[in-house]
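What follows is one structure encoded as structure tokens, with my remarks underneath.
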Amino acid sequence: MTTTTLIFYILSGVLLSSAVMVVTTKNTVYGVLFLILAFFNAAGLFILAHAEFLAMILIVVYVGAVAVLFLFVVMMVNMETKKSQRMDRRYLLMGIFVGGVLVLELVVVFMSWNTSPEAFELIFAPQDGLSNTHALGALLYTHYALIFQAAGLILLIAMIGAIILTLRQRENVLKQKIGDQLARQAKDSVQMVDISPTSSFRNLESLDDSATPRGRTSRVS
Amino acid sequence: MTLSSSQFMSMPLKGNLEEYFNIFIFMAVAFGISLFLVLLSFWRGPKRPDAEKLSAYECGFEAFSDARLKFDVRFYLVAILFIIFDLEIAFLFPWAVSLKSIGLFGFFSMLLFLGTLGIGFVYEWRKGALEWE
């Protein structure tokens, strides 16, 4: 058994067991943490297959971003953990049935799977001095340009959809408006008023109100 | 011609991984040291637990409620927008590496992609999705 085979079995063993933990653990936050562990081990497997770029992207995108989203979802959705444990029995029979059908289908597919002999040469990164990242870039932006642009459009739609679904503008919130604040001049906001010693302060109420934006500056009253 | 599963399993493992040996040593040392420190404090540290020590510490008071409470959906929005631009950056790396071989078409292909996401960026800026209040 060579070292790479040993590393392969260690990585895939941890990957599979943490994947099992994701679906069996009661505490969903632990489930997400096990999912992150599974991502890390999958990245290790990618490195073993000489797909360094995919490994790094797996860590940056999945571990860095998607795991955070999963944590958010867990925080938002899962408020009580005790209630769900009681429901397990009701779905057991149906779950076993559906899972069994799926396993049977997978077995049937796997038994009748034919692979072209050339495919095994194509699953590696090209070894002739070309790095994995370079090989990916050489195809993605020219040969698959249309699919690449479609990916851009999907990202755009995701962005707009997320903004439309979740953005709520709040009323009556004091905001910094840097431009307005810097453009404010003394002559717009300071007024010199002559007050005779005998007059009352009430007379000042009739002053021009436009000099005090939104009436928030202190007014004598 | 079909290959046996054992051949299939060993296929992606061919090629050398010697250049990762330094990283492997680094990770082994880091793992060893952290494991050693944790086990050492677990083994040698005094353990005299009581109810007060085991309860959650929250700035000196009793914990008011469960730590898992609903929070503002805007955190979620920021995270989604972060992921989208994260993916955009991820697409930039192979492009930068292979820029010399993909020619002008590849260059403008990426510019169109960036323009598409730029529209989204302008939209989100004008809409005020990046402002926190």
Q.
Can you pull out every residue in segment A:27-46 that is out of contact with any helix residue (DSSP H, G or I) (no Cβ under 7 Å at 6 or more places or on another chain) and farther than 27 Å from B:Y20 by Cβ?
A. A:N27, A:Y30
(Q) Pairs needed: first member in segment A:143-170, outside any helix (DSSP H, G or I); second member anywhere, surrounded by 16 or more Cβ atoms within 10 Å (Cβ to Cβ); C-beta distance under 7 Å; at least 6 residues apart or different chains. (A) A:L167/B:L77; A:L167/B:A129
**Q.** Filtered residue count, segment A:15-28, keeping only those that are surrounded by fewer than 16 Cβ atoms within 10 Å (Cβ to Cβ) and part of a helix (DSSP H, G or I)
**A.** 5
(Q) So if I check each of A:I10, A:I57, which one is at pLDDT 90 or above and under 22 Å from the mean Cα position of the chain (by Cα)? (A) A:I57
**Q.** Members of segment B:108-133 that are more than 8 Å from chain A (Cβ to nearest Cβ) and more than 25 Å from the chain's Cα centre (by Cα)
**A.** B:F108, B:L111, B:G115, B:V122, B:W125, B:R126
Q: Please go through segment B:16-39 and pick out each residue that is under 22 Å from the mean Cα position of the chain (by Cα) and small (G, A, S).
A: B:A28, B:A30, B:S34
**Q.** In segment B:89-102, the residues that are over 14 Å from the mean Cα position of the chain (by Cα), within 7 Å of another protein chain (Cβ to nearest Cβ) and part of a helix (DSSP H, G or I)
**A.** B:F93, B:P94, B:W95, B:V97, B:S101, B:I102
Q: Quick one: count up the residues across segment A:171-221 that are at pLDDT 75 or above, part of a helix (DSSP H, G or I) and not charged (D, E, K, R).
A: 7
Q: State yes or no: is A:L48 at pLDDT 90 or above and among the aliphatic types (A, V, I, L, M)?
A: no
Q.
Six or more apart or on different chains, Cβ atoms under 8 Å: show the pairs whose first residue is in segment A:37-52 and over 14 Å from A:F8 (Cα atoms) and free of Cβ contacts under 8 Å to residues at least 60 places away in the same chain and whose second is assigned to a helix (DSSP H, G or I) and small (G, A, S).
A. A:L37/A:S18; A:F39/A:A67
Q | Residues (in contact with a Leu (Cβ under 9 Å, 6 or more places away or on another chain) and facing chain A (nearest Cβ under 7 Å)) located in segment B:77-87 | A | B:L77, B:A79, B:I80, B:L81, B:I83, B:I84, B:L87
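The values are calculated or read from the model by the stated rules, or taken from the named source; none is laboratory data. In this text, all values refer to a predicted model and were calculated from it rather than measured experimentally. Cβ coordinates were reconstructed from backbone atoms using ideal geometry, including for glycine residues, and neighbour counts include every protein chain displayed.
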